[in-house]
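As C-alpha cells, the structure follows; a few thoughts come after it.
Every read-out reported here was derived from the displayed coordinates using simple, explicitly stated rules and does not represent laboratory data. Owing to the predicted nature of the structure, the values given are computational and were not obtained by experimental measurement. Note that we place each Cβ from the backbone using ideal geometry, even for glycine, and neighbour counts take in every protein chain shown.
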Amino acid sequence: MRRSVVALAAFALVGLLAACGGGDGGGEAGLEEDTIHIANARARSPMRDVAAVYFTAHNGQEVADRLLGVSSPAAGRAEIHETVEEDGVMRMRPVEAVPIGPGEEVRFEPGGYHVMLFDLTEPLEVDSTVTVVLEFERAGQIPIEAIVEPSVPEEEEEGMDHMGDMATGEGMG
Ligand SMILES: [Cu+2]
C-alpha cells in the first residue's frame, strides 16, 4: 500500500473548505454526556477504492480516552492517519492511537488526523453515506455515518506547500 499512501498525500491536503450543513451523523441516540460525541462526519473519495473520512470528536467523559481503531463494512481495510510535514513536503502516515482529553475536542480534517478507507467494496456516491466504526478505549465502539462529499479536483497537486491557501479562485495567469 505504500504506493497508494504517496499518491494520496495530495488529496489529503486539499479541501479545507469545511462543509456546512451536515450536522452530526444523525442517530437515534440523544446527547449523552458520558461518551464521545461525533459531529460533522464526512468522506471524500477521489479514487474509486479509497476514501478519507473527517469528523470532530468531543469527549464528554470526565476521563481521557483514545481512539484505538477504525473499521468500515464498506472497506476492506481502514486506518487512522495523520498528515505531517517533513522538509516542506506533506505526507500521511498511520498512527496507532489518537488521545482525547476529558472535555476536549479533536478535529479530524484535511491536513491533520483522518481516517483512511482502503479497498472500498464499491465506489462511494456523493450525497450517500458510508458507515465507519470508531473504537475508543473507554467509550467503546461508536458507529458514524459519514456523508460523501464531492472530492476536490487534484489540480492542487502541484503546489503541495500551500497549506491553508485553498481558495477556489486561484490560478489565474
Ligand atoms: Cu491518509
The long-range amide H neighbours of residue 120, using H built 1.01 Å from N in the peptide plane and a cut-off of under 5 Å, are 50, 76
Collect residues whose amide H, placed 1.01 Å from N in the peptide plane, falls under 5 Å from the amide H of residue 72; neighbours closer than 5 in sequence don't count.
133
For residue 138, list long-range residues whose amide hydrogen, built 1.01 Å from N in the peptide plane, is under 5 Å from its own amide hydrogen.
66
Loop sites in the stretch 33-69: trypsin sites (Lys or Arg not before Pro), DSSP, at most 14 other Cβ within 10 Å
48
Extension gain from residue 66 to residue 133, taking 0.36 nm per residue of separation minus the Cα-Cα distance
22.7 nm
